[in-house]
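Enquirer: There's a structure below that I have some questions on.
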Amino acid sequence: MTGHLELAGELDRWSATGLTVRAWWRDDDLSTPGPELDRLLGHARALAAVPLLAVIPAGAGPALAGRLDGEPVAVGVHGWSHTNHESAGRKAEFGPSRPLDRARSDLARARARILDLFGPRAASILVPPWNRIRPDLVGELPGLGFDLLSAHGVRPAPGPVAGLMQVNTHLDVIAWRGDRRFIGADAMARELAGRLAARRTAGQVEPVGLLTHHLVMSPSDWNGFAGVCTALMAHPAVRMIDSSELRGAAGAA
């Protein structure tokens, strides 16, 4: 497949220039255990990868905590209830229509719930629903116990405010503007090659984040995703990192 060849060639170019691709994996919208989560966890074990699971605190409970016990994952805070509070425009739980004090309150109880449920595997990372958060709330995050913010796309700065680093995902493998399904292994490999080429030529070494959504991915989707990840991780120019390394890695240009 041409996408896989493009990815292999681009990774060879990273090797030739002495650069290392640092890649990481985030999955969004987790609240309850089920077969969709089981598939994700099976692939995480097979890949020897440690994904960051963005958990919706309002819907999470002891059943999810028990299911994740002993699994190779970390847990981030995915808002409070993943509720859209915008009457018009783009969806957001923490957008401009939300009073700041209510947003702060929701994030405080969200962080507390995730800590209570998951203990030491609870990462101090906020993943805002729909990857959107009002700018004046970003400055409040360190005081609420967060030292990392993860959205999607090109980040405005490695550290938007004192005490907070930002590390985003860059390749969402779901075609949300199309059929809302996995884009396919060849397209995933091709898009990843393109993002890495742009990063290499611009001299940027920020970690590249892969974004999945387990609730809409079939077994064949996961097989395609895992195939690309296997090829990626097998290349000597690539190192997969987990959430414990993200804060340090976020400081890269």
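Just so it is clear, none of the values below were taken in a lab; they were calculated from the coordinates. From a predicted model like this one, the values you see are computed outputs, not experimental measurements. Virtual Cβ from ideal backbone geometry, glycine too; neighbours counted across all protein chains shown.
Enquirer: Give the Debye-formula value of log10 I(q)/I(0) at each listed q (0.14 Å⁻¹), with one equal scatterer per alpha carbon of region 1-119, two decimals each.
Expert: Those come out to -0.76, one per q.
Enquirer: Mind giving me the FRET efficiency for T230 and A16? R0 is 30 Å, r the Cβ-Cβ distance, nearest 0.05 is fine.
Expert: Plugging the Cβ-Cβ distance into 1/(1 + (r/R0)^6) gives 0.85.
Enquirer: Here is a follow-up. In whole Hz, what ³J(HN,Hα) sequence does region 172-180 give by Karplus (6.51, -1.76, 1.60; θ = phi - 60°), x for Gly and Pro?
Expert: 8, 8, 9, 8, 5, 8, x, 8, 6
Enquirer: Also, I was wondering about something else. Starting at the first residue of region 63-79, write each ³J(HN,Hα) from the Karplus equation 6.51 cos²θ - 1.76 cosθ + 1.60 with θ = phi - 60°, in whole Hz, x for Gly and Pro.
Expert: 4, 5, 4, x, 5, 8, 4, x, 8, x, 9, 10, 10, x, 9, 9, x
Enquirer: Once you've got the GNM for the chain with C-alpha springs shorter than 10 Å, pick whichever of N84, N168, N131 has the biggest mean-square fluctuation.
Expert: Evaluated over the chain, the most mobile residue of the options is N84.
Enquirer: List, in order, the whole-Hz ³J(HN,Hα) value for each residue of region 187-200 obtained from phi through the Karplus relation with A = 6.51, B = -1.76, C = 1.60 and θ = phi - 60°; use x for Gly and Pro.
Expert: Couplings: 5, 4, 4, 5, 5, 5, 4, x, 5, 5, 5, 5, 5, 5 Hz.
Enquirer: Could you estimate the translational diffusion coefficient of region 173-234 from the Stokes-Einstein equation, with Rh from the Kirkwood formula over C-alpha pairs, at 37 °C and 0.692 mPa s, in whole µm²/s?
Expert: 263 µm²/s
Enquirer: What Kirkwood hydrodynamic radius, in Å, does region 49-97 give when the mean of 1/r is taken over all pairs of distinct Cα atoms and then inverted?
Expert: Kirkwood radius, region 49-97: 12.5 Å.
Enquirer: Still on this structure, I have one more. Find out how many positive minus negative residues lie around P51, taking Lys and Arg as positive, Asp and Glu as negative, among other residues whose Cβ is under 9 Å from that of P51. Please report the intermediate quantities before stating the final value.
Expert: Details: positive: R26; negative: D27, D242.
Taking every Cβ under 9 Å from that of P51, the sum is -1.
Enquirer: With axes computed from alpha carbons, what is the tilt in degrees of helix 219-234 against the longest principal axis of the chain, rounded to the nearest 10 within 0 to 90?
Expert: Relative to the chain, helix 219-234 is tipped by roughly 60 degrees.
Enquirer: Something else about it: Using Stokes-Einstein with the Kirkwood hydrodynamic radius over Cα pairs, what translational diffusion coefficient do you get for region 2-245 at 37 °C and a viscosity of 0.692 mPa s, in µm²/s rounded to a whole number?
Expert: It diffuses with D of about 178 µm²/s by this estimate.
Enquirer: Which residues' amide hydrogens lie under 5 Å from the amide hydrogen of Q166, considering only partners 5 or more residues apart or on another chain, with H built in the peptide plane?
Expert: Under 5 Å from the amide H of Q166: L149, G159.
Enquirer: Taking 7 Å along the Cα-to-C-beta vector as the label spot, tell me the N223-R67 distance in nanometres, rounded to one decimal.
Expert: It works out to 2.3 nm between the two label points.
Enquirer: Taking the number of other C-beta atoms within 10 Å as the exposure measure, put F118, F94 in order starting with the fewest.
Expert: F118, F94
Enquirer: Still on this structure, please answer the following. Quick one: length gained pulling T32 to E86 fully straight, 0.36 nm per residue minus the C-alpha distance?
Expert: So the chain would gain 16.9 nm between T32 and E86.
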